[in-house]
Amino acid sequence: MTTRKLRDIASVVRSKNAGPFELTFDVMFDDVEIYEKVKSSGVFTSELFQRLYRVEPHRVLSVHCFDPALSFKATIARSISSGTAGDSDVFGAQQHAPLLDVEVPWN
Amino acid sequence: MDEVRVLSPTAILGYGYPAESLEEGMSRKPDVIAVDGGSTDGGPYYLGIEPGGGGGGQASAFLEFLARDMGPLLEAAVRADVPLVVGSAGFAGADLHLMGALSVLYRHAAEKKLNFKLATIHAEVDKEYVKKKIRAGQVEPLGPVPELTEAEVDKTTRIVAQMGVEPFVRALEGGAQVVIAGRANDPSMFSALPLMRGFDQGLAMHMAKILECGAIAASPGSGSDAMLGTLRNDHFLLEPMAKERRCTTLSVAAHSLYEKSDPTKLFGPGGWVDLSDVRFEQSDERTVKVSGSRYEKAPKYELKIEGSKKIGYRTIAVCGIRDPAAIAHVDELIASAREAVARQYPDLDPETHRLFFHVYGRNGVMGALEPSTHVPHEICLLLEVVAPNEGIATTVCGFARSLILHHGFDGRISTAGNIAAPFSPLDIPAGPVFEFNVYHLVAEEDPHALFPIDFADV
């Protein structure tokens, strides 16, 4: 079975704060067939984010798909709130990179 | 056709916008110019800062940006005789920030000899009010946040509440041409006039949510450029004002997900917009048509409150490392610095005196979330020390940094020093450190209770 990396098939892969205590990830597509294929592959699950970011299940707060925008969204709890001592990403805008290499089953 | 046009010049008042975009926007005869003045996005510092408490230079720099943006908007609004509505003024939207924004406004009005009726809406919340609400069981955490206690309320520098659309409507109905408001739910200032004119609340709030970010929802996106929203009975249109940008169904749809956890719901005081059945269509090459957004009323009216407490002062040191053996021993360098600090300063409470080592090149950006184990040819070791006062923070930082500079590890042959320091001074005091400790919902039946309005003739 072949696979495709998200970086090669998604049009947007990003992370950002959703408030100071949560980090949210968006993966979007510009082609409805590709979106449906990714959706039916079942790759976007809480387990994916637990594994990629090595966080406990309860810290993955939600995983959604959103058909009108051909997109997936997942939200995890931050371990350090935005901008306090020890934080490394006030905006949370650089936490998406591990998603780029997620492999989606392709046929 | 019955419609209302809302011009958003920029994502944050202070982020700037091209003069041509404002000119293009004004040529469309907007019914209102609305602009978001702030965010919690920059972290807890901006809400927490105290005049004279150190680090105030950042606040005055922001007022300079704000002044540059405010002048032309004020002139354009007064000249076209349309309202200018600013929310979350001065970035964090407490009285301190509101006063900063007002000083800029009065200065421009005097310089340009502009006259208008001004409404100022306050959003700073009395701590006693919050404590009373805690005792009444009417405060709940918003997301993964601890329960709020009265002791935590006492630790905050100040607390603000995000106002809904109601105080803006009252200010405009009171005849204000210019509204400068403290902390506000972002869509409130953009949806006030459309709601007064009887347009659909779901569409008005959804359009407002996209407009509050200026041209970020365009392609290429920009937080420093203008977007026009045109609201009609059963849809709205979005068009960026700069010719080189366009709205696409993807760019607008993408924005509906931005900075929020549930893609189908836009929460605000008193309700949410349900986006389950929303449709994005390309109306022309640069314009997107949106329909299907529905407003749902919440069972109770709740307001988001935000507060920030000071937890100490920070000093940092930037240490570049290029020697491969030193890179291989970076964990040992860090451990030896920690041990030496504990030995040298045995009386320092580890709860209030904290040392952080950010290893850029390895996991400086992602910390514990980083899956990669790649070893690069150079790294940056950023020392961060947070302590109750700046003197101790700088002393401990300097001690730890000099230890890392000279620590002898096994097999070391480059014995002059382990780090490249880019600056003198080597240790850089970075001002007070804050932490968000209030991020909660408070039940409040009266949407106006926390947001008094002052009217004045300027």
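A compact table of results
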| quantity | calculated |
| --- | --- |
| Residue within segment A:28-50 that is touching a strand residue (DSSP E or B) at 6+ places or on another chain (Cβ under 8 Å), within 11 Å of another protein chain (Cβ to nearest Cβ), touching a residue at least 40 places away in the same chain (Cβ under 8 Å) and aliphatic (A, V, I, L, M) present | yes |
| Selected residue [more than 15 Å from the chain's Cα centre (by Cα), within 12 Å of another protein chain (Cβ to nearest Cβ) and not acidic (Asp, Glu)] from A:Ser62, A:Ser79 | A:Ser79 |
| Enumeration of residues in segment B:272-290 that are out of contact with any Leu (no Cβ under 7 Å at 6 or more places or on another chain), within 25 Å of B:Glu244 (Cα to Cα), among the charged types (D, E, K, R) and in contact (Cβ under 8 Å) with a residue 24 or more places away in the chain | B:Glu281, B:Glu285, B:Arg286 |
| Residue that is nearest to B:Ala208 (Cα to Cα) [pool: residues in segment B:245-280 that are among the aromatic types (Phe, Trp, Tyr) and either assigned to a loop (DSSP other than H, G, I, E, B) or at the interface with chain A (Cβ under 7 Å from one of its Cβ atoms) (or both)] | B:Tyr258 |
| Flag for A:Thr2 being more than 10 Å from every other protein chain (Cβ to nearest Cβ) and in contact with a Phe, Trp or Tyr (Cβ under 6 Å, 6 or more places away or on another chain) | yes |
| Some residue of segment B:67-82 being open to solvent by less than 20 Å² (accessible area, probe 1.4 Å), within 14 Å of another protein chain (Cβ to nearest Cβ) and modelled with pLDDT under 90 | no |
| Strands (runs of 3 or more DSSP E) enclosed by segment B:133-244 - at least 1 residues per element that are under 19 Å from B:Gln282 (Cβ atoms) | B:227-231, B:236-240 |
| Counted residues, segment B:406-458 - those being within 16 Å of B:His329 (Cβ to Cβ), aliphatic (A, V, I, L, M) and modelled with pLDDT under 95 | 2 |
| When residues of segment B:225-253 are limited to those that are among the acidic types (Asp, Glu) and within 26 Å of the chain's Cα centre (by Cα), the one surrounded by the fewest Cβ atoms within 10 Å (Cβ to Cβ) | B:Glu239 |
| In segment A:91-107, residue nearest to B:Thr40 (Cα to Cα) [restricted to those that are in contact (Cβ under 8 Å) with a residue 24 or more places away in the chain and of a type in the set (A, V, I, L, M)] | A:Ala93 |
| B:Leu257 being open to solvent by less than 10 Å² (accessible area, probe 1.4 Å) and at pLDDT below 95 | yes |
| Restricting segment B:355-400 to residues that are at the interface with chain A (Cβ under 8 Å from one of its Cβ atoms) and in contact with a strand residue (DSSP E or B) (Cβ under 6 Å, 6 or more places away or on another chain), the residue that is farthest from B:Pro425 (Cα to Cα) | B:Gly364 |
| Breaking point among (1) more than 14 Å from chain A (Cβ to nearest Cβ); (2) open to solvent by 10 Å² or more (accessible area, probe 1.4 Å); (3) among the aliphatic types (A, V, I, L, M), for B:Ala215 | (2) |
| Residue in segment B:88-110 that is polar (S, T, N, Q), open to solvent by less than 30 Å² (accessible area, probe 1.4 Å) and under 20 Å from B:Glu302 (Cα atoms) present | yes |
| Boolean, B:Thr156 is out of contact with any Lys or Arg (no Cβ under 7 Å at 6 or more places or on another chain) and closer than 30 Å to A:Ala77 by Cα | no |
| Subset of segment A:75-85 [touching a helix residue (DSSP H, G or I) at 6+ places or on another chain (Cβ under 8 Å) and open to solvent by less than 40 Å² (accessible area, probe 1.4 Å)] | A:Ile76, A:Ala77, A:Gly83 |
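Here is a yes/no grid of residues against (1) of a type outside the set (A, V, I, L, M); (2) open to solvent by 50 Å² or more (accessible area, probe 1.4 Å); (3) without any contact (Cβ under 8 Å) to a residue 40 or more places away in the chain:
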{"residue": "B:Tyr129", "(1), (2), (3)": "yes, no, no"}
{"residue": "B:Val139", "(1), (2), (3)": "no, no, no"}
{"residue": "B:Ala151", "(1), (2), (3)": "no, yes, yes"}
{"residue": "B:Gly174", "(1), (2), (3)": "yes, no, no"}
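Condition check ((1) surrounded by 13 or more Cβ atoms within 10 Å (Cβ to Cβ); (2) in contact with a Cys (Cβ under 9 Å, 6 or more places away or on another chain); (3) in the same structural domain as B:Ala340 (by TED's automatic domain parsing)) across all residues:
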residue	(1), (2), (3)
B:Ala368	no, no, yes
B:Ser372	no, no, yes
B:Cys380	yes, yes, yes
B:Leu383	yes, yes, yes
B:Val386	yes, no, yes
B:Glu390	yes, no, yes
B:Thr394	yes, no, yes
B:Cys397	yes, no, yes
B:Ser402	yes, no, yes
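The values are calculated or read from the model by the stated rules, or taken from the named source; none is laboratory data. As the structure is a prediction and not an experimental result, all values here were calculated from the model. Note that we place each Cβ from the backbone using ideal geometry, even for glycine, and neighbour counts take in every protein chain shown. With ligands, DNA and RNA removed, areas are computed over all heavy atoms of the protein, side chains included. Shrake-Rupley method; radii C 1.70, N 1.55, O 1.52, S 1.80 Å.
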